[in-house]
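What follows is a short report on a single structure.
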Amino acid sequence: MFKQSSTTSRLRSALLAAGAAVVFTALPAMAQKQLPMEPIHETGAPVVPSYEGWWTDKDGNYNFMFGYFNRNSKEEVEIPIGPNNHIDPAGDYGQPTHFYPRRHWGVYILTLPKDVALAAKRPAWTLNVNGLSSTIPINPDPVYNINPFSEIGIGNTPPTISLDEKGPSVQGPKPVIVPFTAKVGQPLSFTVWAADDDKSLRPQGAPGGGRGRGGAGRGGAAAGGDSAAAPAAGGAAPGAAPADADAQLAAAAAAAGVDVDTIRQFLSRTAVGITFEKLRGPGDVKFAASKPKVEKIENGTLPKPDKFNGKATNTATFSAPGEYILRIYATDSSGEGGGGFLCCWTNIYAKVNVTN
């Protein structure tokens with residue numbers, strides 16, 4: 001009996017090993033090279049879609065939120081709609097075609113009507129780049145149900161933003177689309193009006209912050225620590241030279257796996273950060289600043305009165321004619337991805353028709 005069980009066990013192990021070898025051999029070359037502890041590549045690595053959850057709106061429609069992970073540290077990847085970038089069925093649902101380095105949350109919302117037969121056919125997003133194909137389907141399971149409009153731990157809500165003093169405003173990741181026109185090579189100006197409840201997540205005593213969700217638990221090197229140890233945005237820690245402050249910011253950014261601008265935003269007294277990105281378009285887009293400074297407006301009323309009101313200005317210059325979609329998003333002090341809580345940031349899309 002023991003001998004038979006041992007033989008069966010060895011046979012099962014051999015079959016599993018053989019099967020794993022077949023699957024591994026069948027993987028694309030790039031996938032075979034991706035090891036769990038492999039150093040980050042500057043270029044040549046894949047881009048992987050990320051499904052981040054769903055919610056229903058007031059009309060009962062389904063909203064499925066996607067981000068992505070560009071595993072390169074420097075390479076911006078362009079993946080046109082087609083065999084290497086499609087959502088099945090149909091192919092083009094308006095998903096991104098331009099992918100910036102590293103992790104990006106809540107970039108794109110796929111909206112489906114409430115009466116759609118999700119059980120029969122679940123749309124799935126496929127990206128194929130640098131030798132690796134990744135497919136991720138939507139999943140309407142309740143475990144993936146999220147609330148991107150409120151983080152109940154401290155009652156935090158997303159910023160509200162607008163691209164026009166009298167234009168539409170939006171709050172949360174599902175964007176409104178605002179049309180613009182531009183000429184090739186001529187800077188197009190933007191003003192982003194922002195309002196926020198300023199429910200800070202910065203550690204107690206940090207610049208501009210109170211004790212929010214997690215309090216000092218979000219401190220330390222990556223979060224900036226307390227005000228006695230952390231350098232103020234753009235400045236130096238007490239007793240430290242500016243060069244030392246820059247080094248501290250760089251070290252904190254490296255420890256947190258984010259860029260220095262994100263660390264500055266976390267330590268800043270400004271409650272809202274604004275970021276400009278190209279989502280789609282036939283040519284290059286050059287922004288005067290990817291993260292323009294947000295100026296606080298005392299007693300501001302745009303896009304609505306709130307604890308914090310401010311505005312940011314920027315320009316975008318286009319290299320070729322055609323239709324572009326720019327993603328302009330606002331984060332509050334919870335930062336990129338809401339600190340893992342999938343709240344609270346806001347998207348707005350600028351649809352720009354560029355002519356010669």
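Nothing in this text is a laboratory measurement; each read-out follows from the coordinates by a stated rule. Just so it is clear, the model here is predicted, and its values are computed rather than measured. Note that each Cβ is placed from the backbone with ideal geometry, even for glycine, and that neighbours are counted across all protein chains shown.
Under 5 Å between amide H atoms, partner at least 5 residues away or on a different chain: which partners does GLY53 have, H built in plane at 1.01 Å?
HN-HN under 5 Å from GLY53: MET65.
Taking the Cβ of each residue in HIS41, HIS86 as the centre, tally the other Cβ atoms inside 10 Å and list the residues starting with the fewest.
Working: HIS41 16, HIS86 20.
Going from least to most buried by this count: HIS41, HIS86.
If I stretch the segment between ASN84 and ALA247 completely, what's the gain in nm (0.36 nm per residue apart, minus their alpha carbon distance), one decimal?
Details: separation 163, 0.36 × 163 = 58.68 nm, distance 4.03 nm.
Stretched out fully, the ASN84 to ALA247 stretch lengthens by 54.7 nm.
For the stretch 316-332, what does the Karplus curve 6.51 cos²θ - 1.76 cosθ + 1.60, with θ = phi - 60°, yield as ³J(HN,Hα) per residue in whole Hz, taken in order and with x for Gly and Pro?
Per-residue couplings from phi come out as 10, 10, 10, 8, 8, x, x, 9, 10, 10, 9, 9, 10, 10, 10, 10, 9 Hz.
Going by amide H atoms built from the backbone, whose H comes under 5 Å of the H on TYR93, apart from near neighbours?
ILE87
Spelling out what I want: for every residue of the stretch 246-255, take phi, set θ = phi - 60°, compute 6.51 cos²θ - 1.76 cosθ + 1.60 (Karplus), and round to whole Hz; glycine and proline get x.
Result, ordered by residue: 4, 5, 5, 4, 5, 5, 5, 5, 5, 5 Hz.
Going by a ≥ b ≥ c, the root eigenvalues of the Cα gyration tensor, does the stretch 296-356 fall in the rounded group (a/c under 1.5), the prolate group (a/b larger than b/c) or the oblate group? Please report the intermediate quantities before stating the final value.
Working: a/c = 3.10, a/b = 1.59, b/c = 1.95.
It is oblate, given that a/c is not under 1.5 and a/b is not larger than b/c.
Taking 30 Å as R0, compute the FRET efficiency from the Cβ-Cβ separation of THR355 and LYS296 and round it to 0.05. Kindly include the intermediate steps, with their values, before the conclusion.
Details: r = 36 Å, r/R0 = 1.21.
Working from the Cβ atoms, E equals 0.25.
Quick one: ILE138, ILE40, ILE79, fewest Cβ neighbours within 10 Å first, how do they rank? Could the numbers behind the result be given before it?
Numbers: ILE138 21, ILE40 12, ILE79 18.
Starting with the residue having the fewest Cβ neighbours, the order is ILE40, ILE79, ILE138.
Only counting other Cβ atoms within 10 Å, I'd like GLU76, GLU42 sorted with the fewest neighbours first. Each step should come with its number before you reach the end.
Working: GLU76 14, GLU42 11.
The fewest-first ordering by Cβ neighbours comes to GLU42, GLU76.
If every alpha-carbon in the stretch 47-144 counts as one equal scatterer, what log10 I(q)/I(0) does Debye give at q = 0.14 1/Å?
Log10 of I(q)/I(0), two decimals: -0.51.
Among the listed pairs LYS58/LYS351; LYS74/LYS286; LYS296/LYS351, which are separated by more than 21 Å between their Cα atoms? Numbers along the way, then the final one.
Details: LYS58/LYS351 25 Å; LYS74/LYS286 16 Å; LYS296/LYS351 27 Å.
Table pairs above 21 Å Cα-Cα are LYS58/LYS351; LYS296/LYS351.
Each residue of the stretch 46-56 in order: what ³J(HN,Hα) in whole Hz does its phi give by Karplus 6.51 cos²θ - 1.76 cosθ + 1.60, θ = phi - 60°, with x for Gly and Pro?
For the stretch 46-56, the Karplus curve yields x, 10, 10, x, 10, 8, 10, x, 9, 8, 10 Hz.
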